[in-house]
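The values are calculated or read from the model by the stated rules, or taken from the named source; none is laboratory data. All values reported here derive from a predicted model rather than from experimental measurement. Heads up, the Cβs are rebuilt from the backbone with ideal geometry, glycines too, and the neighbour counts pull from every protein chain shown.
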Amino acid sequence: MEKLQDIFSNIGIAEPDVAQILARFDTKTFAKNEYLLQAGQVATSIFFVERGSILLGQEVEDQSVTRHLAREGAFITCLDSFSRQAPTAEFLKATDPSIVHCIHQTDFAWAQQQFPAIATFFQQYIFQTLLKCQQRITDLISLDAKAYYKEIMQRSPDYIQHMPQYDLASYMGIEPQSLSRIRKES
């Protein structure tokens with residue numbers, strides 16, 4: 001939990017308080033392709049990826065659509081479900097053997113109330129994530145597949161290295177065969 005401890009220390013939370021916050025996290029391990037959360041379930045926790053990678057996706061017309069990949073040092077949840085406490089249409093799945101630390105919604109609310117720096121940190125984190133989503137939408141609209149692949153290679157090389165080809169193709173909005181061709185040409 002050292003990475004998580006560093007995050008809380010870096011936003012100005014004192015060591016005894018950091019220990020109190022970390023005590024509210026549970027550590028879980030997931031095998032490759034194991035689900036943390038499936039469609040129809042309610043997202044009751046936020047996950048911090050200590051090791052591995054977690055894919056956020058959704059089944060649309062019997063096809064898996066990839067939305068995001070959280071790598072080591074990142075937080076992830078199905079945000080709409082978590083905030084509304086309603087069943088999600090999304091899923092979270094480990095793409096590598098993964099270790100995550102999760103905090104339940106009630107403990108997360110407590111931490112934000114007790115330590116306003118946590119609330120501020122997560123507001124900024126969500127804002128940065130929103131900006132990345134907007135950039136992805138812009139790229140999907142304005143770039144051809146080859147240019148978008150190059151952009152991903154520059155901006156998020158972890159995606160290229162750790163996302164299975166099918167999921168990366170889905171993330172790019174193309175067929176896996178097209179991604180194979182682009183990779184051969186690059």
Do we find that I76 is buried (at least 20 other Cβ atoms within 10 Å of the Cβ) and either modelled with pLDDT of 95 or more or under 22 Å from P176 (Cα atoms) (or both) in this structure?
yes
Name the single residue that is nearest to H68 (Cα to Cα) among those in the range 128-142 being exposed (fewer than 13 other Cβ atoms within 10 Å of the Cβ) and hydroxyl-bearing (S, T, Y).
T138
For a quick check of your reading: which strands (runs of 3 or more DSSP E) sit entirely within the range 4-94 and have at least 2 residues that are over 15 Å from the mean Cα position of the chain (by Cα)?
25-30, 54-60, 63-70
Can you go through K93, K32 and tell me which one is at pLDDT 95 or above, surrounded by fewer than 16 Cβ atoms within 10 Å (Cβ to Cβ) and in contact with an Asp or Glu (Cβ under 8 Å, 6 or more places away or on another chain)?
K32
Just checking, which of A147, A119 is within 30 Å of R24 (Cβ to Cβ) and of a type in the set (G, A, S)?
A119
What helices (runs of 4 or more DSSP H) lie completely within the range 111-186 and have 3 or more residues being charged (D, E, K, R) and at pLDDT 90 or above?
116-142, 145-155, 176-185
Of the numbered conditions (1) surrounded by 14 or more Cβ atoms within 10 Å (Cβ to Cβ); (2) farther than 30 Å from A19 by Cα; (3) within 21 Å of the chain's Cα centre (by Cα), F122 satisfies every one except a single condition; which is it?
(2)
I'd like the full set of residues that are of a type in the set (F, W, Y) and closer than 28 Å to Y166 by Cβ, limited to the range 67-124.
F75, F82, F91
Is it the case that the range 13-25 has a residue that's touching an Asp or Glu at 6+ places or on another chain (Cβ under 9 Å) and within 14 Å of V100 (Cβ to Cβ)?
yes
Mind checking which pairs have a first residue in the range 48-68 that is surrounded by fewer than 18 Cβ atoms within 10 Å (Cβ to Cβ) and at pLDDT below 95 and a second that is part of a strand (DSSP E or B) and of a type in the set (G, A, S), Cβ under 7 Å, 6 or more apart or different chains?
S64/G57; V65/G57; R67/G57
